[in-house]
Every structure is written in structure tokens, then in C-alpha cells.
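See structure below.
Since every read-out is calculated from the coordinates, none of them should be taken as a lab result. A quick note: this is a predicted structure, and the numbers were derived from the prediction, not measured. Neighbour counts run over all protein chains shown; Cβ positions are idealised from the backbone, glycine included.
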Amino acid sequence: MFRWLGPPLAPGNEYWLWQDHFGFQTSLNRGALFGAGAGYSYVFAALSVLAGLGILTWLFVLKAAFDRWLTVALACVMAGILGNLYDRLGLHGITALGPDYEHAVRDWILFQVPEVSWQWLNPWPNFNIADAMLVTGAIMLVLHAFIWRPEEGAGESKEVRAKR
């Protein structure tokens with residue numbers, strides 16, 4: 001997308017699929033959510049590695065991998081972590097804009113709803129597929145927390161279940 005549209009603020013770096021609603025525009029985010037913490041890429045990279053290790057522990061040590069819903073949710077979160085970590089580590093190779101943006105996350109999906117007068121929706125801050133995966137995984141985890149109920153007898157020994 002950056003190769004096609006060019007760097008942020010370049011002339012013509014915007015392309016609408018659905019005029020004034022959904023399209024593409026390149027931008028670089030030096031921070032985290034909505035640009036918070038700009039300039040702390042290495043801190044966010046370290047937190048990403050820790051979160052990834054936590055997910056692997058949850059899946060394989062704490063046995064969440066036996067739950068299909070949790071596995072998909074955590075896979076979405078891990079995909080988002082890895083996608084943004086790639087950018088935070090500067091592996092994308094964008095150095096032409098200077099060292100400040102070498103470790104920035106590349107955002108390029110543009111969304112807005114001009115019919116609604118809410119300022120925060122017009123336009124919504126640019127995001128990328130990794131961000132969408134993180135949000136999808138988080139929503140799945142919240143749904144799991146509210147909907148999932150352990151099976152009756154889960155965690156009981158065979159002897160205890162046999163006595164019932």
C-alpha cells in the first residue's frame with residue numbers, strides 16, 4: 001500500500017473505494033492506540049514480546065488450546081501483535097521519512113461516516129489489518145468471558161464424578 005500510494009502527506013496518497021466512506025490512505029503511527037506514547041516503540045515492542053509469550057503460555061501450558069474459540073481469539077491477537085511488532089522493530093524499511101518514523105506502525109485503512117456528525121468518527125484514525133486482528137481477538141475474548149460456562153464436573157477427578 002505504501003509503495004502504491006506513497007508516504008504519508010504525499011500528494012495523492014488517498015484512494016477511495018467508497019467515496020468519503022471507505023478507502024486507503026497511508027499514515028505512520030509512532031505510538032500505540034490512537035498514537036498514545038509516541039516515541040516509545042521499543043517499550044511497545046518489549047510489551048508485544050511479553051504479550052506473545054503470555055499467549056503461548058495460556059494456549060499450551062494452561063491448555064487453552066483445547067478450546068477452539070479461545071484458540072482462534074488468541075491467534076487473532078497474536079497475529080495483530082506480530083504484524084505491529086514487525087513495524088515497531090523497523091523491519092518494513094521505511095527510512096526515507098527520517099529516524100522518527102523508522103519504528104512506526106504503518107496504517108493505511110481509512111474509514112469515516114460523514115452522515116454522522118460525531119467528530120471522532122470523521123475520519124476514524126487510520127488503522128491496519130494487524131489492528132483489526134487485535135480488536136477482533138479482544139472482542140472474541142470478551143464474548144468468551146461472558147458466554148462460556150465450564151462443563152459440569154470440569155476439574156473434578158474421575159472418582160468424584162463416579163460417586164455422583
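Find me the longest stretch of the chain that has none of the exposed GluC sites (Glu not before Pro), where exposed means in a DSSP loop (not H, G, I, E or B) with at most 12 other Cβ atoms within 10 Å.
1-114
Amide H to amide H, which residues 5 or more places from LEU110 or on other chains are under 5 Å from it, using H placed in the peptide plane?
When sequence neighbours closer than 5 places are left aside, the close amide H contacts are GLY23, PHE24, GLN25.
Which one is right for this structure if log10 I(q)/I(0) by the Debye sum over Cα atoms at q = 0.10, 0.12 Å⁻¹ is calculated from it: (1) -0.44, -0.62; (2) -0.50, -0.66; (3) -0.30, -0.44?
(2)
Work out which chymotrypsin sites (Phe, Trp or Tyr not before Pro) in the chain are exposed loop sites (DSSP not H, G, I, E or B, at most 12 other Cβ within 10 Å) and give the longest gap free of them.
Numbers: sites that count: TRP118, TRP148.
With a cap of 12 other Cβ atoms within 10 Å, the longest stretch comes to 1-117.
Averaging over every viewing direction, what projected area does the convex hull of the Cα atoms of the stretch 55-95 cover, in nm²?
For the Cα atoms of the stretch 55-95, the hull's average projected area reads 2.9 nm².
Starting with the fewest neighbours, write out THR26, THR136, THR71 ranked by other beta-carbon atoms found within 10 Å of each beta-carbon.
THR71, THR136, THR26
Taking 8 Å as the Cα distance limit and 6 or more residues as the minimum spacing, I'd like the relative contact order of the chain as a percentage.
Worked out over the chain, it gives 25 percent.
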